[in-house]
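A.B. asks: Input: one structure, supplied below.
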Amino acid sequence: MALHELAGGESGLRALLEDFYDRVFKDVMIGFFFKGKDKQRLIQKELEFALNLLGADITYTGKPIPVAHAAHPIMGGQFNRRTQILRETMRDHDLPEEVQACWLEHTESLRSQVTPDASGECKPQQISD
């Protein structure tokens, strides 16, 4: 069975993404990026992207990832926060582990296209005398 079928097909993934974007839009750390954005359009594009990633015969019709995120100075910690919300949403929707692993691995592979911050970790600064 293909990964998109294990994930509940289009309807299962749409339900997951509706929940995910509800969480993202409300999130204190990254929600401001989505102020004034068309949530339904984002869900539709993310659905195409996820279905394609998970093996469905569907074409992603959105902008290339670097273009879609170019207008926003996204920091590594913000990228990590979005990934954490995705991880929690997938868990709450009982997405099979192999689907989660594939999706999260792919998300991480896109980091350099979204943010110049490789790790997103806060590192203490050295104080010189």
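A.B. asks: Note the angle between two axes, namely the Cα long axis of helix 76-92 and the longest principal axis of the Cα atoms of the chain, as a number of degrees from 0 to 90, rounded to the nearest 10.
C.D. replies: 30 degrees
A.B. asks: What is the mean projected area of the alpha carbon convex hull for the chain, to one decimal in square nanometres?
C.D. replies: 9.1 nm²
A.B. asks: For the chain, what number of Lys pairs, 8 or more residues apart or on separate chains, have alpha-carbon atoms under 16 Å from each other?
C.D. replies: Close lysine pairs under the 16 Å cut-off: 7.
A.B. asks: Apply the Kirkwood formula to region 1-73: the hydrodynamic radius equals the inverse of the mean of 1/r over all pairs of different alpha-carbon atoms; give it in Å with one decimal.
C.D. replies: Computed over region 1-73, the radius equals 13.1 Å.
A.B. asks: Cα axis of helix 9-26 to longest principal axis of the chain: angle in degrees, 0 to 90, nearest 10?
C.D. replies: Tilt of helix 9-26: around 30 degrees.
A.B. asks: Starting from the Cα-Cα distance between Asp92 and Gln44, subtract it from 0.36 nm times their residue separation and give me the gain in nm to one decimal.
C.D. replies: Fully extending the segment from Asp92 to Gln44 adds 15.2 nm.
A.B. asks: Taking the Cα atoms only, what angle lies between the long axis of helix 97-109 and the longest principal axis of the chain, rounded to 10 degrees?
C.D. replies: Taking the Cα atoms of the chain, the angle to 97-109 is about 40 degrees.
A.B. asks: So how do Lys45, Lys63 line up by other beta-carbon neighbours within 10 Å, fewest first?
C.D. replies: In increasing order of surrounding Cβ atoms, one gets Lys63, Lys45.
FYI, it's all coordinate maths here, none of it is from the lab. Given the structure is predicted, the values throughout are model-derived calculations rather than measurements. FYI the Cβ positions are ideal-geometry reconstructions off the backbone, even for glycines, and counts take in every protein chain you see.
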